[in-house]
Amino acid sequence: MTATTKTALVVAPGRGTYGKGELGSIARLHGARFADLIANFDAQRTDRGQPTVTELDGADRFSVATHMRGDVAAPLIYTATALDYLSIDREKYDVVAVAGNSMGWYSALALGGAVSVADGFRISNAMGLNSQTHGPGGQILLQVVDEDWRPVPGLRETLFDLVDAIAARPGHALAVSIDLAGMLVLAGDEAGLAALLAEAPPTPGRDPLRLAGHGPFHTPLMFGSADKARAELPPALFGAPTIPMVDGRGHVWRRFSSDPAAVWDYTFGHQILAPYDFALSVQVAVKEFAPDVIILPGPGDTLGGAIAQSLIGIGWQGIAGKGDFMARQASDPILLSMGRPEQRALVTG
């Protein structure tokens with residue numbers, strides 16, 4: 001570390017971040033420097049009879065039917081995230097904590113050193129497949145902030161009450177899946193989702209959006225996924241983290257006091273079956289570790305808004321709305337998205 005080194009929180013993205021614009025990015029950004037790691041990931045896929053990361057990233061065109069499927073999206077996202085993380089200039093940035101959004105937790109395990117980079121791929125790849133093992137249902141995304149990214153008074157509480165009411169009906173399952181600060185992801189079975197779409201109050205910005213190819217993640221409907229994960233991915237893969245990790249409950253897994261078996265149990269239990277509070281994880285991380293910057297590895301940068309909205313939710317360093325955040329980004333960026341070339345250059349040196 002030098003006098004100019006900045007402290008950083010690194011936040012790993014989840015599903016839906018490797019899109020059309022990211023096709024070919026793994027080879028372009030990392031093919032030369034990380035050829036050995038990419039070959040390891042490719043070999044893991046080949047051993048399971050799956051198309052390799054290199055083949056998928058090198059496809060002639062992006063296919064929603066192929067690239068957005070869990071067993072394809074997960075390894076692509078993990079690879080892009082892990083290799084971006086390894087590209088951070090550690091003379092310029094001292095990573096003081098890591099977090100992740102939903103599937104990004106599997107990436108965070110590797111970034112935080114609780115599993116090896118190769119085993120992180122093994123876990124993400126297996127969970128991409130396992131995530132398709134669930135009861136019928138899916139996820140719906142709803143916006144709960146106004147155009148300045150401030151909470152719409154009462155809207156969140158109204159939605160929570162509606163979710164509870166629908167979930168109490170016979171034959172209906174509905175629950176909070178992911179809290180993204182400015183957005184709520186709600187998940188359930190088909191009856192629960194239909195009732196939500198029919199009865200949801202008006203929300204700002206966009207209409208409620210059914211997320212294509214997504215199961216009812218972070219709800220008890222994912223029990224099949226959790227069972228498969230525990231059977232296939234043993235506790236022996238896990239060790240103590242080398243960097244603090246903040247999970248989807250806002251719990252901090254510290255370096256010298258974390259039981260690897262407990263990390264395993266959380267990862268393939270609560271993390272799959274209960275809500276993932278991404279906003280809380282970011283808020284706890286910045287309050288606990290007071291990073292100078294937050295680094296968002298690729299693929300993409302779609303999680304940037306949720307990170308900003310999480311900071312607005314606690315008024316972090318006086319950031320109270322979208323205008324404040326944009327002004328801060330222009331003068332002294334607090335969020336560095338590696339999916340943006342100009343910000344990537346600041347991070348990789």
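Classify the stretch 126-169: rounded, prolate or oblate, from the alpha-carbon gyration tensor (a ≥ b ≥ c, eigenvalue square roots; a/c under 1.5 rounded; otherwise prolate if a/b is larger than b/c)? In terms of gyration-tensor shape, oblate. Could you work out which residue, out of Val286, Val145, Val64, moves most in a Gaussian network model of the chain, that is, has the largest mean-square fluctuation with Cα springs under 10 Å? Maximum among the listed residues: Val64. Applying the Karplus relation 6.51 cos²θ - 1.76 cosθ + 1.60 with θ = phi - 60° to the stretch 290-300 yields 3J(HN,Hα) values of 6, x, 5, 9, 10, 9, 10, x, x, x, x Hz, where x marks Gly and Pro. Placing unit charges on the Cβ atoms of the charged side chains and taking the dipole of the chain about its Cα centre, the candidate lying farthest along the positive direction among Ser131, Gly192, Thr7 is Thr7.
Dividing the mean sequence gap of close Cα pairs (under 8 Å, 6+ apart) by how many residues the chain holds gives a relative contact order of 23 percent. Rounded to the nearest whole Hz, the Karplus-based 3J(HN,Hα) values (6.51 cos²θ - 1.76 cosθ + 1.60, θ = phi - 60°) of the stretch 256-267 follow the sequence 9, 10, 9, 7, x, 5, 6, 5, 4, 4, 5, 4, with x at glycine and proline. Shape class of the stretch 1-148 from the Cα gyration tensor (axes a ≥ b ≥ c, square roots of the eigenvalues): oblate, since a/c reaches 1.5 or more and a/b does not exceed b/c. Classified by the C-alpha gyration tensor, the stretch 98-242 has an oblate form. Its axis ratio a/c, with a ≥ b ≥ c, is 1.5 or above, and a/b does not exceed b/c. Only one residue of Gly100, Leu76, Val64 has its Cα farthest out toward the positive end of the dipole of the stretch 63-122, where Lys and Arg carry +1 and Asp and Glu -1 on Cβ, and that residue is Val64. The H on the amide N of Gly138, modeled in the peptide plane, is under 5 Å from the matching H of Gly188, each at least 5 residues off or on a different chain. Using C-alpha pairs below 8 Å separated by at least 6 residues, the relative contact order for the stretch 1-152 is 34 percent.
Sequence-distant contacts, meaning Cα pairs under 8 Å at least 6 residues apart, place the relative contact order of the stretch 56-125 at 32 percent.
Our coupling estimate for the stretch 46-57, obtained by passing each phi through the Karplus curve with A = 6.51, B = -1.76, C = 1.60 and θ = phi - 60°, is 4, 4, 9, x, 10, x, 6, 4, 4, 5, 5, 5 Hz, Gly and Pro reported as x.
Asp164 sits among other residues whose Cβ lies under 15 Å from its own Cβ, and their net charge, with Lys and Arg +1 and Asp and Glu -1, is -1. Annotation: lysines with alpha-carbon distance below 19 angstrom to Lys6 (same-chain offsets under eight excluded): Lys92, Lys287. Annotation for Asp148 and Thr66: the two label points, set 7 Å from Cα along the Cα-Cβ direction, are 4.7 nm apart. For the chain, a simple Cβ point-charge model (Lys and Arg +1, Asp and Glu -1, everything else neutral) yields a dipole of about 340 debye relative to the Cα centre. Where (i) 19.3, 61; (ii) 20.4, 64; (iii) 20.2, 58 are the candidate values, the label of the one calculated here for Rg and Dmax of the Cα atoms in Å is (i). Residues Glu55, Glu147, Glu190, Glu232, ordered by accessible area of protein heavy atoms at a 1.4 angstrom probe radius and largest first, appear as Glu147, Glu55, Glu190, Glu232. Only one residue of Ala118, Phe160, Ile178 has its Cα farthest out toward the positive end of the dipole of the stretch 71-189, where Lys and Arg carry +1 and Asp and Glu -1 on Cβ, and that residue is Ala118. Maximal additional length on extending the Glu342-Arg206 stretch stands at 46.1 nm, based on 0.36 nm per residue less the C-alpha distance.
The values are calculated or read from the model by the stated rules, or taken from the named source; none is laboratory data. Keep in mind it's a predicted model, so treat the numbers as computed, not measured. No Cβ is skipped: glycine too gets one built from the backbone with ideal geometry, and neighbour counts run over all protein chains shown. The protein model used for the area step is the full one, side chains on, heavy atoms only, and it has no ligands, DNA or RNA in it. Shrake-Rupley method; radii C 1.70, N 1.55, O 1.52, S 1.80 Å.
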